[in-house]
Amino acid sequence: MELPPLARGIAALSLGAVPVSYALNQLAGLSHPLGVALASTLILALLFVAIHGLSHDEISYDPLYAVFGVFAFTSVVDLIISLQEDGYVVGFMEFYTKDGDPYLRTAHGIFICYWDGTVHYLLYLAMAGAIRRRKRYRNLGLYWLGSFVMSIMVFLPGNILGKYSSEIRPAFFLTIPYVLVPCWAGLRVFNQSPEPTCCPPAMVQEEHKKGLLQRPADLALVLYLILAGFFTLFRGLVVLDCPTDACFVYIYQYEPYLRDPVAYPRVQMLVYMFYMLPFFGLAAYALVVPGCSWLPDWALVFAGAIGQAQFSHMGASMHPRTPFTYRVPDDTWACFFVCNLLYALCPHLLAFRCLRQPAFFLRPLPPGSMAHLKKQQ
């Protein structure tokens, strides 16, 4: 499929990260952490100026175009970093991973770079293309927002609390815009008008009358969410050093990665417990009680969040960069993989259900509205 004009433009600018990273890697002056931070800041500033000059109309229409353009560039950089750390390419970003962000060399760091360089990159191209064609991209934006925020919520605290906390360099402060920009972008995405639905009022009323037993797919989702909630709570207790035998067996025989001195897996499980667990409960409620119009949007946000989180967590659990004693044992690998894959699928299935048949979640019309509509017909 041919990419839309803007997507091609952003793709061309972002691919400039390949020669730029190679050229910077050859400069001996970047062997100092402060030099890495200053060079990175200068490049991002020049990139922003170039995007603003080349696409002023698009930025006037939607300022997020500039954000997607800059972040697409950094996504290519992240992909180069992950490929380099796995030995597929050499001579590109050694200066940055050595003197800029050494925590990107961890298994978790490698996999968030893979996710950013593939999934996020494609989302940037798709959303940029939508802006150029003056199309809606709200659903894509909500998925990206959840994914991006989750990566930041785990990565930054993990850097500060884990065994790499003593290696924080000046380049770490470049993540401050990565915290602020999603807040601003999230507000703009949520304020966009929702995708139009083709659900007549009669269909909405009919769906609201159906009980949970009359909706077997929703019943299965509710049970799915309850099981996912118990799994979330259990792993949260595991990383909090719960002394029960079940937690002891699980952390040593099924997910020893949760004991890794890098703080990422522990932070990830705590984020799950404090954010995903309440969402699972609220989502189950919204599948029982009609008219919870907030669920489709938040289902997309949490689907993006758990997609990114599970990809990074599962990958890091099995990556050679993780010490052997903390990797998933061979005899329990299948159980670990199936449980975590099903956990990742849960919010995606919920988001798909909300988008495919949204009538149950639409708010009912006021009492006199139906009669007024019938008179108009």
* Structure fact -> So, first residue β-branched (Val, Ile, Thr) in the range 278-304, second residue outside any helix (DSSP H, G or I) and at pLDDT 95 or above, Cβ within less than 8 Å, six or more apart or across chains; the pairs are none
* Boolean, PRO196 is outside the structural domain of THR41 (by TED's automatic domain parsing) and either at pLDDT below 85 or on the phi > 0 side of the Ramachandran plot (or both) -> yes
* Limited to the range 244-261, what total is found for residues that are touching a Phe, Trp or Tyr at 6+ places or on another chain (Cβ under 7 Å) and farther than 11 Å from THR325 by Cα? -> 1
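Restricting attention to the range 311-321, which residues are crowded, with 22+ Cβ neighbours inside 10 Å and not hydrophobic (A, V, I, L, M, F, W, C)?
Initial filter on the range 311-321 (crowded, with 22+ Cβ neighbours inside 10 Å): 312-313, 316-317.
If the condition is that a residue be crowded, with 22+ Cβ neighbours inside 10 Å and not hydrophobic (A, V, I, L, M, F, W, C), then SER312, HIS313, SER317 are the ones that fit.
Given the residues LEU140, LEU145, LEU104, LEU123, which is the only one that is touching a helix residue (DSSP H, G or I) at 6+ places or on another chain (Cβ under 9 Å), part of a helix (DSSP H, G or I) and within 30 Å of PRO261 (Cβ to Cβ)? Explain how you work it out, then say what you get.
Numbers: LEU140 fails: within 30 Å of PRO261 (Cβ to Cβ); LEU145 fails: within 30 Å of PRO261 (Cβ to Cβ); LEU123 fails: within 30 Å of PRO261 (Cβ to Cβ).
When all the criteria are applied, what remains is LEU104.
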* Residue count, the range 198-226 (criterion: in contact (Cβ under 8 Å) with a residue 12 or more places away in the chain, part of a loop (DSSP other than H, G, I, E, B) and exposed (fewer than 15 other Cβ atoms within 10 Å of the Cβ)) -> 1
* To do: Give the residue, chosen from GLY229, GLY129, GLY186, that is modelled with pLDDT of 95 or more, outside any loop (DSSP other than H, G, I, E, B), surrounded by 13 or more Cβ atoms within 10 Å (Cβ to Cβ) and touching a Leu at 6+ places or on another chain (Cβ under 6 Å).
  => GLY229
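Please verify whether the range 281-295 includes one or more residues that are assigned to a helix (DSSP H, G or I), aromatic (Phe, Trp, Tyr) and either touching a helix residue (DSSP H, G or I) at 6+ places or on another chain (Cβ under 8 Å) or buried (at least 22 other Cβ atoms within 10 Å of the Cβ) (or both).
As a first pass, look at the range 281-295 and keep what is assigned to a helix (DSSP H, G or I): 281-288, 295.
Narrowing the set further to residues that are aromatic (Phe, Trp, Tyr) leaves 285.
After this cut, where a residue has to be either touching a helix residue (DSSP H, G or I) at 6+ places or on another chain (Cβ under 8 Å) or buried (at least 22 other Cβ atoms within 10 Å of the Cβ) (or both) as well, the list is none.
No - not one qualifying residue is present in the range 281-295.
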* Residues satisfying the stated conditions in the range 327-362, i.e. surrounded by fewer than 21 Cβ atoms within 10 Å (Cβ to Cβ) and outside any helix (DSSP H, G or I) -> ARG327, PRO329, GLN357, PRO358, LEU362
* Structure fact -> Counting only residues that are in contact with a helix residue (DSSP H, G or I) (Cβ under 8 Å, 6 or more places away or on another chain), closer than 30 Å to PRO261 by Cα and not polar (S, T, N, Q), the range 215-239 contains a total of 10
* For the range 156-170, indicate whether the set of residues that are in a helix (DSSP H, G or I), assigned by TED's automatic domain parsing to the domain that holds ILE10, of a type outside the set (Gly, Ala, Ser) and buried (at least 21 other Cβ atoms within 10 Å of the Cβ) is non-empty. => yes
* To do: State the number of residues belonging to the range 91-101 that are hydrophobic (A, V, I, L, M, F, W, C) and assigned to a helix (DSSP H, G or I).
  => 1
* **Among (1) without any contact (Cβ under 8 Å) to a residue 24 or more places away in the chain; (2) in the same structural domain as PHE352 (by TED's automatic domain parsing); (3) under 24 Å from TYR143 (Cα atoms); (4) assigned to a loop (DSSP other than H, G, I, E, B), the one test that ASP241 misses** => (3)
* What is the number of the single condition among (1) assigned to a helix (DSSP H, G or I); (2) in contact with a Leu (Cβ under 9 Å, 6 or more places away or on another chain) that ASP57 does not meet? -> (2)
* Structure fact -> Checked the range 14-33 for anything modelled with pLDDT under 80, exposed (fewer than 13 other Cβ atoms within 10 Å of the Cβ) and assigned to a helix (DSSP H, G or I); matches are ALA28, GLY29, SER31
* **Residue that is at pLDDT 95 or above, β-branched (Val, Ile, Thr) and under 30 Å from GLY117 (Cα atoms), where the choices are VAL262, VAL222, VAL238, VAL301** => VAL301
* To do: Mind counting the residues in the range 290-330 that are touching a Lys or Arg at 6+ places or on another chain (Cβ under 8 Å) and of a type in the set (Val, Ile, Thr)?
  => 0
* Asked: Among the residues of the range 292-312, is any of a type in the set (Ser, Thr, Tyr), assigned by TED's automatic domain parsing to the domain that holds ILE226 and within 17 Å of MET276 (Cα to Cα)?
  -> yes
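The values are calculated or read from the model by the stated rules, or taken from the named source; none is laboratory data. Here the structure is a predicted model, which means the values were calculated and not measured. Note that we place each Cβ from the backbone using ideal geometry, even for glycine, and neighbour counts take in every protein chain shown.
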